[in-house]
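In what follows, a structure is listed as structure tokens, so that the remarks can point back to it.
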Amino acid sequence: MRRHLCTLAILAALTCTATAGIPDLGMSDWSCRTDQDVTILICPAGDGIPLDAAWPVGGGDPVDATIDVWVRDGNGTPVAYFPFEDIWLDGPHLYLCPGGSVAEESTDPQGHTYFRTLFAGGTAFGDQTVRINGDAISGHVPNMRLVSPDVHPDLVVNVTDLVIMAQSLYGSYNTAADLDSDGQINLTDVVLLIQHYNHTCP
Amino acid sequence: MRHMILSILVLMLAGSISAQVDPDPDGIGLYFDADATEWCGTFPYGSVATMYLCLTHPSSPNGISGWACSIDIPISPTLIRLSDGFPTSNRNIAADPDYIIGFMEPIPASDVIVLMTLQFMSLDTSPQIPLYFRLDNIDIQDACYADGADPRILIPMHPSSGGWISPVAIANGDCDVIANEPYTWGELKALYGSSNREVTP
């Protein structure tokens, strides 16, 4: 009996040791620094609006919508210095440049890192996911509206996007062309597109 | 005697209009100089003349990142429009006579910002036909400019003549405005009002 207990204890200890330092999808999580619905202007060149200066939907001063990520192992212990390349943000209809949505830096001693800049095109409304080594971890963001002057998502802002903008301006409303999320297509959206004209992935 | 006093007044008035920039904030007008002081000029026969679309006294201290306006160029068989120019790299998403322009880099703030230059050549020999230039809103967008720092801020522009219906510039016309038949006192008052709002009734 005692032998069995010892074996179990050793196995448990080994299991703990084996998972130490390895990110656990259940233990790791992520969150956003604001609960407000926000718009983030993203650009393949990475020079859109950073997450810490997000535009609240409906107007107002920019808010900090930085996405924080805490990487923990199966014991709930922070995983320090986990490489930033293996933590990325993903979402439907989000067209990423290669490596375009990885974390800003590797995790610190508290297992923390964050997202602030995205290199991407397309339009994504909510449903963002943070992945570690390709697997999604649980977390919550407000209604984050990612829009891009790369309206036609081919990772370059060019005449195709300009045509779509013109069609939206003179024709029916196209939510993807509403780059400031004010519910209308106007000079502001045109300027936001043209300021990123010819931009592409680095 | 009354006519003489009136003539002197009108001459003084015309002089004061052409000598100063529209003092009101966020004015837009067409001028014969980049300093936005001459709204009345001539297109000499056979030579190239330049007009400047100017934003005067922008209320935003951040410059501008784009603008929208319609430019009504008078139709004349003897007036040839040669080319348009812009102060910096841009794209126009509208079709002539409408302009919805976005600049790739904002234009810094100054008292007068040249939004566009227009070059003409007149083939009109004497007697020359007066040409009246007007500006207007666009159907889908009121005349405005986008703030240089935050393009989400759109600032309305007001015609230098005081009203969209009044010409903002006259070419080959008599700058002694009253002498121009089509140019009424009402329009003259609008012009005067744009330069001296405090005396506008």
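Taken together, the values in this text are just the output of simple stated rules run on the coordinates, not laboratory data. This structure is a prediction, so every number in the text was calculated from the model and none was measured. Cβ coordinates were reconstructed from backbone atoms using ideal geometry, including for glycine residues, and neighbour counts include every protein chain displayed.
The chymotrypsin sites (Phe, Trp or Tyr not before Pro) found in the range A:102-163 include none that occupy coil by DSSP while having at most 11 further C-beta atoms within 10 Å. A dipole drawn for the range A:14-82 from +1 and -1 charges on Cβ atoms has a positive end, and of A:G59, A:P78, A:L41 the residue lying farthest that way is A:P78. Computed on the Cα trace of the range A:14-83, the radius of gyration divided by the Kirkwood hydrodynamic radius gives Rg/Rh = 1.18. If only the Cβ of Lys and Arg carry +1 and only the Cβ of Asp and Glu carry -1, the dipole of the range A:49-88 around its Cα centre is close to 100 debye. Residue-wise HN-Hα couplings along the range A:20-36, as the Karplus relation 6.51 cos²θ - 1.76 cosθ + 1.60 with θ = phi - 60° gives them from phi, are 4, x, 9, x, 10, 5, x, 7, 7, 8, 8, 7, 10, 7, 10, 9, 6 Hz; Gly and Pro carry x.
Over all other residues within a Cβ to Cβ distance under 14 Å of A:W88, the charged ones net out to -4, with Lys and Arg as +1 and Asp and Glu as -1. When chain A is treated as a GNM, springs tying every alpha-carbon pair under 10 Å, which of A:I164, A:I185, A:I67 comes out with the largest mean-square fluctuation? Top of the fluctuation ranking is A:I164. Considering only B:P106, B:A34, B:M121, whose Cα is most displaced toward the positive end of the charge dipole of the range B:25-173, charges sitting on Cβ of Lys, Arg (+1) and Asp, Glu (-1)? It is B:M121, whose Cα lies furthest towards the positive end. For the range A:2-149, the relative contact order comes to 29 percent (Cα pairs under 8 Å, sequence separation of at least 6). Residues whose amide H comes within less than 5 Å of that of A:G46, counting only those at least five positions distant or on another chain, are A:A120 (H built at 1.01 Å from N in the peptide plane).
When you filter the chymotrypsin sites (Phe, Trp or Tyr not before Pro) in the range A:130-202 for DSSP loop state and at most 14 other Cβ atoms inside 10 Å of their Cβ, you are left with A:Y173. What you get for the range A:2-149, charging only the Cβ of Lys and Arg (+1) and of Asp and Glu (-1), is a dipole of about 600 debye around the Cα centre. Neighbours of B:P61, meaning other residues whose beta-carbon lies under 15 angstrom from its beta-carbon, give a summed charge of -4 when Lys and Arg score +1 and Asp and Glu score -1.
Residues whose amide H lies under 5 Å from that of B:E38, counting only those 5 or more places away or on a different chain, are B:F32, B:D33; hydrogens are built 1.01 Å from N in the peptide plane.
Per-residue ellipticity at 222 nm for chain A, helices alone: DSSP H runs ≥ 4 residues times -39500 (n - 2.57), over residue total, nearest 500 deg cm²/dmol? Result for chain A: -6000 deg cm²/dmol, rounded to the nearest 500.
Couplings for the range B:29-39, taken from phi via the Karplus curve 6.51 cos²θ - 1.76 cosθ + 1.60 with θ = phi - 60°, read x, 9, 9, 8, 9, 6, 8, 6, 10, 10, 9 Hz in order; Gly and Pro are left as x.
When the alpha carbon coordinates of chain A are projected onto the principal axes, the ranges are 81, 31, 26 Å, largest first. Amide H contacts of A:H199 (H built 1.01 Å from N, in plane; Pro and chain starts excluded): A:V157 sit under 5 Å, all sequence-distant by 5 or more or on other chains. Here the range B:25-173 yields Rg over Rh of 0.97, to two decimals, using C-alpha coordinates and the Kirkwood radius. Over all other residues within a Cβ to Cβ distance under 12 Å of A:S181, the charged ones net out to -3, with Lys and Arg as +1 and Asp and Glu as -1. Note that the range A:48-57 has calculated 3J(HN,Hα) couplings of x, 8, x, 4, 7, 9, 5, 8, x, 5 Hz, one per residue in order, obtained from phi through the Karplus relation 6.51 cos²θ - 1.76 cosθ + 1.60 (θ = phi - 60°); glycine and proline are x.
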